[in-house]
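Comments concern the structure below.
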Amino acid sequence: MAEPGGGRPVTVSDVQQLVRRKDEIEAQIKACYELLEGQKGVGMHEPLVDAEGFPRADIDLYQVRTARHNIICLQNDHKAVMKQVEEALHKLHAREKEKHARDEAEALAEAMSQKQNLPQAFAKVNAVTPGSPASVSGLQVDDEIVEFGSVNANNFQNLQNIATVVQHSEGRPLSVTVIRGGRRVHVGLTPKRWSGKGLLGCNIIPLQR
């Protein structure tokens with residue numbers, strides 16, 4: 001059988017076809033061995049002549065010789081097809097690896113492009129207390145803040161800007177936009193009194209740019 005592909009990429013179907021061919025050859029080899037076994041257990045190397053040098057009369061010499069010849073040919077075919085299976089699998093694996101690398105490069109390029117389109121963050125959440133207003137709103141540690149009410153990267157000077165917005169918005173929902181995992185996420189945060197300290201229950205630090 002010619003090597004699968006013949007100028008086109010190897011497919012899973014090619015490999016399956018080769019494996020079927022391998023199975024067929026193995027079945028034929030088994031049948032030949034069974035035929036030899038049926039001839040008084042004559043294997044591949046037992047003598048076909050008697051003690052006096054005459055052809056043995058108790059076995060079908062033609063059948064034995066044919067079976068032995070077929071086994072040798074089939075074993076060579078088997079070796080060749082196993083080599084083809086190995087090569088086809090190798091090519092298939094190499095192509096999968098190449099496709100995976102290409103997909104990863106595309107995903108990275110897309111992520112980079114998205115990152116370039118994302119607004120600039122000016123602060124980062126580095127702690128959120130469970131049960132706090134910040135926690136209830138869905139704010140998470142490592143969220144990078146791009147908008148906190150009216151505060152954004154253009155007018156942010158220090159954390160006092162955020163503190164002022166929080167004090168003036170007690171009991172009223174604030175629109176907060178963060179970057180999380182390379183994506184823009186909107187959070188509705190309502191500063192209010194709770195069992196813990198402050199009105200938010202999270203810690204925010206300025207980002208060094």
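Please specify each residue of the range 53-67 satisfying the condition of being within 24 Å of I29 (Cβ to Cβ) and exposed (fewer than 13 other Cβ atoms within 10 Å of the Cβ). Correct list: Y62, R65. Just to be sure, is D50 closer than 30 Å to L18 by Cβ, of a type in the set (D, E) and either open to solvent by less than 80 Å² (accessible area, probe 1.4 Å) or in contact with a helix residue (DSSP H, G or I) (Cβ under 8 Å, 6 or more places away or on another chain) (or both)? Judged against the criteria, D50 is not a match.
Across the range 135-176, what is the number of residues that are touching an Asp or Glu at 6+ places or on another chain (Cβ under 9 Å) and modelled with pLDDT of 95 or more? Walk me through how you get there before you give the answer.
Start the filter on the range 135-176 by keeping residues that are touching an Asp or Glu at 6+ places or on another chain (Cβ under 9 Å), which leaves 153, 175-176.
This time we only want the ones that are modelled with pLDDT of 95 or more, so: 176.
Here the count works out to 1.
Of the residues making up the range 126-168, those that are of a type in the set (G, A, S) and surrounded by 18 or more Cβ atoms within 10 Å (Cβ to Cβ) number 4.
Across the range 113-125, the number of residues qualifying as open to solvent by 100 Å² or more (accessible area, probe 1.4 Å) and at pLDDT below 85 comes to 3. Filtering K40, K30, K22 for residues that are closer than 25 Å to E96 by Cα, charged (D, E, K, R) and surrounded by 10 or more Cβ atoms within 10 Å (Cβ to Cβ) leaves a single hit, K22.
The values are calculated or read from the model by the stated rules, or taken from the named source; none is laboratory data. Note that this is a predicted model, so its numbers are computed, not measured. Virtual Cβ from ideal backbone geometry, glycine too; neighbours counted across all protein chains shown. In case anyone asks, the SASA skips ligands and DNA or RNA and just uses the protein heavy atoms, side chains included. Shrake-Rupley method; radii C 1.70, N 1.55, O 1.52, S 1.80 Å.
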